Amino acid sequence: MRRLAAVLLVSFALFTAPMTASRAAAQDAPAATTGTTPYVEACADGLGKLRAGDTDGAVAALRRAVQLEQGRALGFYYLGEALRVQRSHADALEMFRTAGRLARAAGDTRLEARSLQGVADTLERIEGKRNEARAAWAEYLRFANANSEVAFPALANARIQALDTMRELDETYADVRERIAIRARETARTTP
């Protein structure tokens, strides 16, 4: 149990380190301790590669981890993060949602919170998904209000407010954008 806790602590430290760390720093990253499982080693390998900027290598290693132990949420969460860095948003969403379901089933509220945040944040990055992102932040807010020791209601409130402001600005300037489009079409017709 101590060994697993130590490896998870190392994995968390690797993940939270800046994504732009140099390759030299990544080579100095601590390796998984002797006697760990192939799953933990694959996660550590993936996080080390992600930290070094090798997103393709990170995704491959983390895919290997989730194939090894499909019932463990942490690998899916890390894979979602790597896929989001790689801008594979649809795949990242799937991994965050899977991590959330597994974390909920295991009673891991901290990882469930991180997974819900991953879903909401990823949806914000996808064009045309603003309403879905707002709904995901609202879900995170409900969870955060009930689990404030592991989640941050203020974060959800800020993101919801920002999304509402963006929607209001879009609605306010819809007429202006339409007039600009009409002028552009008229100019295009009169230009030889």
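Each value in this text was obtained by applying a stated rule to the coordinates, not by laboratory testing. Remember, it's a predicted structure, so these values are computed and weren't measured experimentally. Heads up, the Cβs are rebuilt from the backbone with ideal geometry, glycines too, and the neighbour counts pull from every protein chain shown.
Here's the yes/no breakdown for (1) among the charged types (D, E, K, R); (2) crowded, with 18+ Cβ neighbours inside 10 Å; (3) out of contact with any strand residue (DSSP E or B) (no Cβ under 6 Å at 6 or more places or on another chain):
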position: V119; (1), (2), (3): no, yes, yes
position: I126; (1), (2), (3): no, no, yes
position: K129; (1), (2), (3): yes, no, yes
position: A138; (1), (2), (3): no, no, yes
position: R142; (1), (2), (3): yes, no, yes
position: S148; (1), (2), (3): no, no, yes
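Do any helices (runs of 4 or more DSSP H) entirely within the range 102-192 hold 1 or more residues that are under 17 Å from A92 (Cβ atoms) and hydroxyl-bearing (S, T, Y), and if so, which?
Numbers: elements: 109-124, 130-146, 153-172, 174-190.
Filter on the range 102-192 gives 109-124, 130-146.
When restricted to residues that are hydrophobic (A, V, I, L, M, F, W, C) and touching a Lys or Arg at 6+ places or on another chain (Cβ under 6 Å), the range 84-118 contains 1. Selection over the range 111-142 of residues that are in contact (Cβ under 8 Å) with a residue 40 or more places away in the chain and closer than 20 Å to L62 by Cα gives a count of 3. So, of the residues in the range 103-117 that are of a type in the set (A, V, I, L, M) and more than 16 Å from the chain's Cα centre (by Cα), which turns out to be surrounded by the most Cβ atoms within 10 Å (Cβ to Cβ)? Ranking the candidates gives A106 first.
For the range 39-61, the tally of residues that are among the small types (G, A, S) and outside any helix (DSSP H, G or I) stands at 2.
On inspection, E94 does not qualify as of a type in the set (D, E, K, R), buried (at least 21 other Cβ atoms within 10 Å of the Cβ) and in a helix (DSSP H, G or I). Is it the case that some residue within the range 62-75 is within 15 Å of the chain's Cα centre (by Cα), assigned to a helix (DSSP H, G or I) and surrounded by fewer than 22 Cβ atoms within 10 Å (Cβ to Cβ)? No; the residues of the range 62-75 include none that is within 15 Å of the chain's Cα centre (by Cα), assigned to a helix (DSSP H, G or I) and surrounded by fewer than 22 Cβ atoms within 10 Å (Cβ to Cβ).
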